[in-house]
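Participant: Encoded as C-alpha cells, here's the structure I'll be asking about.
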Ligand SMILES: [Mn+2]
C-alpha cells in the first residue's frame with residue numbers, strides 16, 4: 001500500500017498543471033524542509049510549482065536552498081487553474097480546508113505526514129506514523145520512485161529529520177532516522193549548516209526566558225512528571241518570539257530526569273499552550289482529550305481563555321474564574337496512575 005501510494009503521488013505530481021505545495025500552519029524545520037525538497041524534485045523534473053507557508057520563514061532557515069520561493073500570500077489560492085494541493089507535515093484539516101476553499105475549482109489534495117493524529121483529509125493520504133519525520137516520508141517517496149537525490153533535496157530533508165528527532169536525541173530517533181541521515185549525507189547534504197540551525201541560534205534574551213522556566217521546574221516524582229510555566233510577561237519582557245522559546249521543551253526533554261514533561265505557556269490569544277514530551281506515555285491521548293494533536297511521545301494542545309497564576313508558590317491554571325493547580329487542571333489523575 002505504501003509503495004502504491006508513493007507511485008500514485010509521483011504520477012499525480014508530474015501530471016499536475018498547476019500544483020501548490022503547502023507546509024504545516026505552524027512552520028518548523030520538518031514542514032519547511034519537506035515542502036522545499038518536493039519543490040526541488042518538481043523543479044528537477046521541469047515542473048514549476050508554488051510554495052505556500054502560513055508564516056514568514058524564520059531567519060535560521062534562510063540557508064535552505066531556494067527558500068525565497070516560499071510565499072505567505074494566501075492569494076495564491078485565488079486561482080481556478082490550481083489542480084493539485086500537496087500538504088506536508090500537517091494534521092489540521094481545517095487549515096487545509098480554509099486554503100483550498102479559496103480555489104474556484106476542485107483541486108486534488110495530497111496529504112503527506114507522519115502525525116498519529118492526522119485525520120486523513122486528503123484524496124490521497126501518505127501518513128506514515130512510523131516515520132521519524134515527514135522529511136523521511138518524502139525520502140521514501142523519492143526512493144520508491146527511483147529519483148536521483150540531489151544536494152539541495154538532501155539538505156532540505158536532513159534539516160527536517162534533524163529538527164523532528166532533535167538531532168537524533170528524542171524517541172522519534174529510530175534506525176530509519178539514522179540510516180536516512182547517512183544516505184542524505186552521502187548525497188551531499190550540508191551537515192554543518194543544519195547543525196548550526198538546530199543549536200546555535202538562541203539569543204541571550206531567549207536563554208533568559210529558558211532560565212525563568214528552569215527555575216520554575218516542578219517535580220511530581222510519584223508519577224514521574226515534571227512541569228514548568230512561562231507567562232506572557234516573561235515572553236514580552238525579553239521580547240522573544242514563540243519560535244525562539246520553542247526549543248525549550250526539547251531541551252528539557254533531553255536533560256531532565258523524568259518520564260513526562262509539560263511546558264505551559266501563555267499565548268498572545270489569551271490561552272495556555274501545553275507542550276508535552278514523554279519517554280513512555282502516549283501523550284497524544286492527552287492532547288486529543290483536550291482537542292490538540294501530535295505524536296505518541298510529543299504532542300500539544302491549547303486551553304482557550306486561560307492564564308497562569310502563582311498561588312502560594314504553586315503554579316496554577318486560571319480558567320472560568322477558577323484556579324486549579326496544574327496537576328488538576330490537566331487531569332493528571334485521569335492519565336497517570338496517581
Ligand atoms: Mn514532523
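The values are calculated or read from the model by the stated rules, or taken from the named source; none is laboratory data. Owing to the predicted nature of the structure, the values given are computational and were not obtained by experimental measurement. When we count neighbours, we look across all protein chains shown, and the Cβ atoms used for this are built from the backbone with ideal geometry, even at glycine.
Participant: Being within 14 Å of the ligand (Cβ to nearest atom) and either in a loop (DSSP other than H, G, I, E, B) or modelled with pLDDT of 95 or more (or both): is that true of residue 172 here?
Facilitator: yes
Participant: Here is a further query. So residue 68 ticks every box in (1) assigned to a loop (DSSP other than H, G, I, E, B); (2) more than 16 Å from the ligand (Cβ to nearest atom) but one. Which box is left unticked?
Facilitator: Answer for residue 68: the failing condition is (1).
Participant: Could I ask something else about it? For the stretch 197-223, name all the residues that are farther than 10 Å from residue 245 by Cβ and touching a residue at least 40 places away in the same chain (Cβ under 8 Å).
Facilitator: Result: 197, 198, 201, 203, 216, 218, 220, 222, 223.
Participant: Assess whether residue 327 counts as being in contact with a strand residue (DSSP E or B) (Cβ under 8 Å, 6 or more places away or on another chain), within 30 Å of residue 165 (Cα to Cα) and either not in a strand (DSSP E or B) or not assigned by TED's automatic domain parsing to the domain that holds residue 213 (or both).
Facilitator: When the stated conditions are applied, residue 327 passes them.
Participant: I need the full set of residues from the stretch 259-269 which are over 17 Å from residue 228 (Cβ atoms) and touching a helix residue (DSSP H, G or I) at 6+ places or on another chain (Cβ under 9 Å), in order please.
Facilitator: 268
Participant: A further question follows. Does residue 206 meet the test of being crowded, with 20+ Cβ neighbours inside 10 Å, closer than 22 Å to residue 228 by Cα and either modelled with pLDDT under 95 or more than 18 Å from the chain's Cα centre (by Cα) (or both)?
Facilitator: When the stated conditions are applied, residue 206 passes them.
Participant: Turning to a different aspect of this structure: Pick from the stretch 12-41 the residues that are more than 23 Å from the chain's Cα centre (by Cα) and buried (at least 16 other Cβ atoms within 10 Å of the Cβ): which of them is nearest to residue 199 (Cα to Cα)?
Facilitator: Residues of the stretch 12-41 that are more than 23 Å from the chain's Cα centre (by Cα), as a first pass: 12-18.
Checking which are buried (at least 16 other Cβ atoms within 10 Å of the Cβ) leaves us with 12-13, 16, 18.
Values: 12: 37, 13: 34, 16: 38, 18: 37 Å.
Selected residue: 13.
Participant: Being in contact with a helix residue (DSSP H, G or I) (Cβ under 6 Å, 6 or more places away or on another chain) and either within 16 Å of the ligand (Cβ to nearest atom) or free of Cβ contacts under 8 Å to residues at least 60 places away in the same chain (or both) is the filter here; which residues of the stretch 5-27 pass it?
Facilitator: 21, 23, 24, 25
Participant: Residue 296: surrounded by 13 or more Cβ atoms within 10 Å (Cβ to Cβ) and assigned to a helix (DSSP H, G or I), yes or no?
Facilitator: No; evaluated as a whole, the condition is false for this residue.
Participant: Just to be sure I understand, how many residues within the stretch 144-164 are away from the ligand (no atom under 16 Å from the Cβ) and more than 19 Å from residue 43 (Cβ to Cβ)?
Facilitator: Result for the stretch 144-164: 1.
Participant: Still on this structure, please answer the following. With respect to residue 286, is the statement that it is farther than 30 Å from residue 133 by Cα and in contact (Cβ under 8 Å) with a residue 40 or more places away in the chain true?
Facilitator: When the stated conditions are applied, residue 286 does not pass them.
Participant: Quick one: would you say residue 129 is assigned by TED's automatic domain parsing to the domain that holds residue 74, surrounded by fewer than 19 Cβ atoms within 10 Å (Cβ to Cβ), part of a loop (DSSP other than H, G, I, E, B) and within 14 Å of the ligand (Cβ to nearest atom)?
Facilitator: yes
Participant: Quick check on the stretch 91-98. Is at least one of its residues touching a residue at least 12 places away in the same chain (Cβ under 8 Å) and more than 16 Å from the ligand (Cβ to nearest atom)?
Facilitator: Yes, that holds for at least one residue.
Participant: Answer yes or no: is there a residue in the stretch 142-150 that is assigned by TED's automatic domain parsing to the domain that holds residue 9, in a helix (DSSP H, G or I) and within 30 Å of residue 98 (Cα to Cα).
Facilitator: Let us first name the residues in the stretch 142-150 that are assigned by TED's automatic domain parsing to the domain that holds residue 9, namely 142-150.
Next, only the ones that are in a helix (DSSP H, G or I) stay: 142-144.
Still in the list and also within 30 Å of residue 98 (Cα to Cα): 142.
Looking for residues that are assigned by TED's automatic domain parsing to the domain that holds residue 9, in a helix (DSSP H, G or I) and within 30 Å of residue 98 (Cα to Cα), one finds at least one in the stretch 142-150, hence yes.
Participant: Restricting attention to the stretch 166-184, which residues are within 13 Å of residue 155 (Cα to Cα) and surrounded by 15 or more Cβ atoms within 10 Å (Cβ to Cβ)?
Facilitator: Hits for the stretch 166-184 are 180, 181, 183, 184.
Participant: Follow-up question, since we're still on this one. Would you confirm, using the coordinates I've provided, whether residue 42 is in contact with a helix residue (DSSP H, G or I) (Cβ under 8 Å, 6 or more places away or on another chain), within 16 Å of the ligand (Cβ to nearest atom) and over 28 Å from residue 200 (Cβ atoms)?
Facilitator: In short, no.
Participant: Among the residues of the stretch 80-89, which ones are away from the ligand (no atom under 16 Å from the Cβ), closer than 23 Å to residue 34 by Cβ and assigned to a loop (DSSP other than H, G, I, E, B)?
Facilitator: If the condition is that a residue be away from the ligand (no atom under 16 Å from the Cβ), closer than 23 Å to residue 34 by Cβ and assigned to a loop (DSSP other than H, G, I, E, B), then 82, 83 are the ones that fit.
Participant: When only residues in the stretch 115-126 that are part of a loop (DSSP other than H, G, I, E, B) and surrounded by fewer than 18 Cβ atoms within 10 Å (Cβ to Cβ) count, which is farthest from the ligand (Cβ to nearest atom)?
Facilitator: So, considering only residues that are part of a loop (DSSP other than H, G, I, E, B) and surrounded by fewer than 18 Cβ atoms within 10 Å (Cβ to Cβ), the one farthest from the ligand (Cβ to nearest atom) is 123.
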